1. Residue 130 fails exactly one of the following numbered conditions: (1) modelled with pLDDT under 95; (2) within 21 Å of residue 11 (Cβ to Cβ); (3) assigned to a helix (DSSP H, G or I). What is the number of that condition?
2. Would you check which residues across the stretch 166-200 are closer than 17 Å to residue 146 by Cβ, loosely packed, with under 14 Cβ neighbours inside 10 Å and not basic (Lys, Arg) and list them?
3. Would you be able to tell me the number of residues in the stretch 121-142 that are hydroxyl-bearing (Ser, Thr, Tyr) and in contact with an Asp or Glu (Cβ under 6 Å, 6 or more places away or on another chain)?
4. Of all residues in the stretch 154-181, how many are closer than 29 Å to residue 97 by Cα, assigned to a loop (DSSP other than H, G, I, E, B) and either more than 18 Å from the chain's Cα centre (by Cα) or polar (S, T, N, Q) (or both)?
5. Would you please list the contacts, defined by Cβ atoms under 7 Å and residues six or more apart or on different chains, that run from a residue in the stretch 95-110 that is under 15 Å from residue 50 (Cα atoms) and in a helix (DSSP H, G or I) to a residue that is small (Gly, Ala, Ser) and at pLDDT below 95?
6. Sort out which residues of the stretch 112-155 are over 19 Å from residue 81 (Cα atoms) and among the aromatic types (Phe, Trp, Tyr), and write them in order of number.
7. Condition first: of a type outside the set (D, E, K, R), more than 19 Å from residue 149 (Cα to Cα) and outside any strand (DSSP E or B). Now tell me which residues in the stretch 55-90 satisfy that.
8. Just for the stretch 189-239: of the residues that are in contact with a strand residue (DSSP E or B) (Cβ under 6 Å, 6 or more places away or on another chain) and of a type in the set (S, T, N, Q), which one is nearest to residue 45 (Cα to Cα)?
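The values are calculated or read from the model by the stated rules, or taken from the named source; none is laboratory data. These numbers were taken from a predicted model, which means no experiment stands behind them. We place every Cβ from the backbone using ideal geometry, glycine too, and count neighbours over all the protein chains shown.
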Amino acid sequence: MNSPDIPITDDHIHIDRANGRGMEAVKDFKRSGGTHMFLVTKPSWSHGISPSCGEDFREVFEETIKTAALIREEEVVAFPVLGVHPAEFTKLSQRMPQGEAESLMCDALSIAAGYVKEGRAVGLKSGRPHYPVEDEVMESSNRVLRHAIRLAAECGCALQIHAESGPCKDVVIMAEEEKMPVFKVVKHFAIPETPLTPSMLAKHDAIPAMANSGRLMTMESDYMDDNSRPGAVIGPRSVPRHTRKMLESGLIDIEAAFKVHKDNPEKIYDVEISL
């Protein structure tokens, strides 16, 4: 599979040209058989930005889009996914009232939605803390998440969410209330039990059974590309390598692999994935 005979898609990956390996990580992905990636916005502080208004995130989004263009020059297709990491709320609340932090995050998401409407990005990202927080922080974060769901519904695009490790069944209710197709809500770093579309860490042992059942799902590395955390969460070669291992061992067949890496992301994100 080092010569890409099937598409291999990483549904959630970061490439950081300033603080990580940048294009070298992309080359590793490609050499291992990777062909497509959904390039997800990194937090503002990764870019040395301390936002004071939603408009300050435009620089973050532009950097993601520029990086995606450079990745394409390496003959890997990169689809930008733009948004605001829920952990931003914690940092913002240290510098401004909680209500202002909530408004800022909503404004930034609205700006990200503008890029989707212009065809410069294929999806949004949002979520809520995956660590213990005070009730009012979670309530505020859920309002931001609902705003993101509403924007995604308006744009007709997918939404990747960061959240606690669990089913997140309440997000289904939010999506239904906002007229958002539930299958377009992708649970990043998912568990099989979620009713949302799970994006599974490539090494998860439930993937073969899920893939063979025909379930709508994707695979991801959540590679951070941060020199201070090398290999976190797992490396850029992970999705291609684990896919190859599953094929070679007979855990999945070529049809299941095509569904995971081509058919499913095409359906979720309304993109074309081809070699």
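1. With (1) modelled with pLDDT under 95; (2) within 21 Å of residue 11 (Cβ to Cβ); (3) assigned to a helix (DSSP H, G or I) applied to residue 130, the lone miss is (3).
2. 170, 173, 176, 177
3. Our first condition is that a residue be hydroxyl-bearing (Ser, Thr, Tyr); within the stretch 121-142, this holds for 126, 131, 140-141.
Then keep just the ones that are in contact with an Asp or Glu (Cβ under 6 Å, 6 or more places away or on another chain); that gives 140.
Residues flagged as hydroxyl-bearing (Ser, Thr, Tyr) and in contact with an Asp or Glu (Cβ under 6 Å, 6 or more places away or on another chain) within the stretch 121-142 amount to 1.
4. So the answer is 2.
5. Close Cβ pairs (under 7 Å, with a partner that is small (Gly, Ala, Ser) and at pLDDT below 95) amount to 101/93.
6. 131
7. Within the stretch 55-90, 60, 64, 65, 67, 68, 69, 70, 71, 76, 90 meet the criteria.
8. Of everything passing the filter in the stretch 189-239, 221 is nearest to residue 45 (Cα to Cα).
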